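Student: What follows is a single structure, and I will ask about it in a moment.
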Amino acid sequence: MAKDYYHILGVGQNASKDEIKKAFRRLAHEYHPDRGGNAERFKEINAAYQVLSDDLKRSQYDRFGTTFEGSAGSQAGAGTGFGFDSTPGFDFEGLDLGDIFGEFFGARPRQTRARPRRGHDLTVELTIDFEEAFFGTDKEVALRKHAVCSRCEGTGREPGTGETTCTTCRGEGEVRQTSRSFFGTFTQVAMCSICHGRGKVAETPCRQCRGAGRELASKRLRVHIPAGIDDGGTIKLAHEGEAGEYGQPSGDLYVAVHVRSSPLFRRDGNDLHTTTAVSLTQAALGASMPVLLPDGTIRLDVPAGVQSGAVIRIRAKGMPQIGGRGRGDLYVHIEVKTPERLSRKAKKLLEELREEGV
Ligand SMILES: [Zn+2]
Ligand SMILES: [Zn+2]
C-alpha cells in the first residue's frame, strides 16, 4: 500500500491544485537536502507531488491508492524515488522548472544556451537650434565605443592567417556538461567558451584585439537630422552602436535630439504659434502686416475690429512634416498695443474719438 500522499503534503483530499503546489513548495524548501533537510523526506514529498499535481495520476491514486504507470510511479510511494540518479532529463511534470531551478540552484536553465550577444546599442545626445530643426541639418557626433577592430576587420585573426576547428567542442560551438544533483542527472548545453560558439578558432589571434574582433576607439559620425524633427526625437543609425564580440553583429546607435526653443515660435506638434503686436488703429481699422516665418515672411490681413488675444490661422506655414509631406499650420496671436506715449496731436484726436464714444 502506498503512503498517504495527502498526509505527506499536509493537505486535505479536496485540496486544489494550487494548494498542493503551495504545500509542495513550502515543504520542498523546508526539507531540501541542500539546506540541511532530510533527503528521504524530501523524496517522499516530491513523489507525492508528482502524483497529486497530475490530474490523471491523482484520480487513479484516489480510486486505487496507487498509480499505474510503470515502476517509477508505483515505487515512488515506497520511497525509492523516481530513479533520480539514473534518468537523464528527468521530467518534472507540470512543475515550474524555472522556479525550481531559480530557487535551488540560483540559475535558470534557459541561460545555459547563451550565445555571444550582439554589440550594445548606444545613445548619444545632440542639441540643435530651432532653425536647424525646421530646415533639417547634418551634424557630427563624436563617441567612444567598441568598434570593429581596424587590424582584422572583426575576424579576430591576424591578417593573412586562417582558422581551425575548435578542439574543445570539436567544431560544434557547444559543450555538454553533465551534472548530477539530487533531482537527477542534468545535461546542460553551454556555449563553448574557447571559440565562443563559432566552432572555429583563429590560428593566430589578431595582435591588436587579441582575437575579440573589436577595440575601443573614438569615432566621428555624420548624422542627418531631418527637417521637422521635434524636441525629444530620436534617430536610429543601424549597426553604428558597439561592435559585437567575436564577429557578432553591431548594436544600433540612437541619436536623441534636443531642440532649443525659439524666441519667436512655440511648437505644438507640427503647428507653430507666434505673437504679433498690432497698434490701436490697426486693430480698429484693419491692416495688412508682415509676419515672420522661420523661412521668410508672410503678409497677414488683420481684419478691422480685431480683439487682443484673437488668433488667426495660416495654413501650411508651420513645421515641415518629417519625410516631406506638407507642413503644419501657423497660428498668429494678436496682441493689441495700447500707446504709452501720445503726441499732443494724437492725444487731441483720441479725445475727439472719446467724444464719439469709441
Ligand atoms: Zn583584431
Ligand atoms: Zn569551441
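Student: Among 251, 323, which is outside the structural domain of residue 231 (by TED's automatic domain parsing) and either buried (at least 18 other Cβ atoms within 10 Å of the Cβ) or touching a residue at least 12 places away in the same chain (Cβ under 8 Å) (or both)?
Tutor: Just one listed residue meets the conditions, 323.
Residue-wise test of (1) closer than 30 Å to residue 168 by Cβ; (2) away from ligand 2 (no atom under 16 Å from the Cβ).
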site: 186; (1), (2): yes, yes
site: 189; (1), (2): yes, no
site: 198; (1), (2): yes, no
site: 212; (1), (2): yes, no
site: 218; (1), (2): no, yes
site: 223; (1), (2): no, yes
site: 231; (1), (2): no, yes
site: 237; (1), (2): no, yes
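Student: If you don't mind, there's one more thing I want to ask. Enumerate the pairs (first residue in the stretch 142-154 and within 12 Å of residue 218 (Cα to Cα); second residue anywhere and assigned to a loop (DSSP other than H, G, I, E, B) and among the aliphatic types (A, V, I, L, M)) with beta-carbon separation below 6 Å, excluding pairs fewer than 6 apart on the same chain, so at least 6 apart or on different chains.
Tutor: 146/243; 147/243; 148/243
Student: Within the stretch 134-153, identify whether any single residue is within 29 Å of the chain's Cα centre (by Cα), in a loop (DSSP other than H, G, I, E, B) and within 16 Å of ligand 2 (Cβ to nearest atom), and answer yes or no.
Tutor: no
Student: For the stretch 181-199, enumerate the residues that are surrounded by 17 or more Cβ atoms within 10 Å (Cβ to Cβ) and assigned to a strand (DSSP E or B).
Tutor: Of everything in the stretch 181-199, those that are surrounded by 17 or more Cβ atoms within 10 Å (Cβ to Cβ) and assigned to a strand (DSSP E or B) turn out to be 184, 186, 191.
Student: Oh, and also: Could you list all residues from the stretch 19-38 that are outside any helix (DSSP H, G or I) and either of a type in the set (Gly, Ala, Ser) or under 37 Å from the mean Cα position of the chain (by Cα) (or both)?
Tutor: We begin by selecting, within the stretch 19-38, every residue outside any helix (DSSP H, G or I); these are 32, 36-38.
Correct list: 36, 37.
Student: Now, a different point. For the stretch 150-209, how many residues meet the condition of being modelled with pLDDT of 90 or more, in contact with a Ser or Thr (Cβ under 8 Å, 6 or more places away or on another chain) and on the phi > 0 side of the Ramachandran plot?
Tutor: Adding up the residues that qualify gives 2.
Student: Next question, about the same structure. Give the number of residues within the stretch 318-348 that are basic (Lys, Arg) and under 19 Å from residue 277 (Cβ atoms).
Tutor: Here the count works out to 2.
Student: Suppose we filter 227, 212 for residues that are at pLDDT 95 or above and either surrounded by 14 or more Cβ atoms within 10 Å (Cβ to Cβ) or in contact with a strand residue (DSSP E or B) (Cβ under 8 Å, 6 or more places away or on another chain) (or both); which single one remains?
Tutor: On the way: 212 fails: at pLDDT 95 or above.
Unique residue meeting the criteria: 227.
Student: If I go through the stretch 174-190 residue by residue, how many of them are farther than 22 Å from residue 50 by Cα and over 33 Å from the mean Cα position of the chain (by Cα)?
Tutor: 2
The values are calculated or read from the model by the stated rules, or taken from the named source; none is laboratory data. Just so it is clear, the structure is predicted and the values come from calculations on it, not from any experiment. No Cβ is skipped: glycine too gets one built from the backbone with ideal geometry, and neighbour counts run over all protein chains shown.
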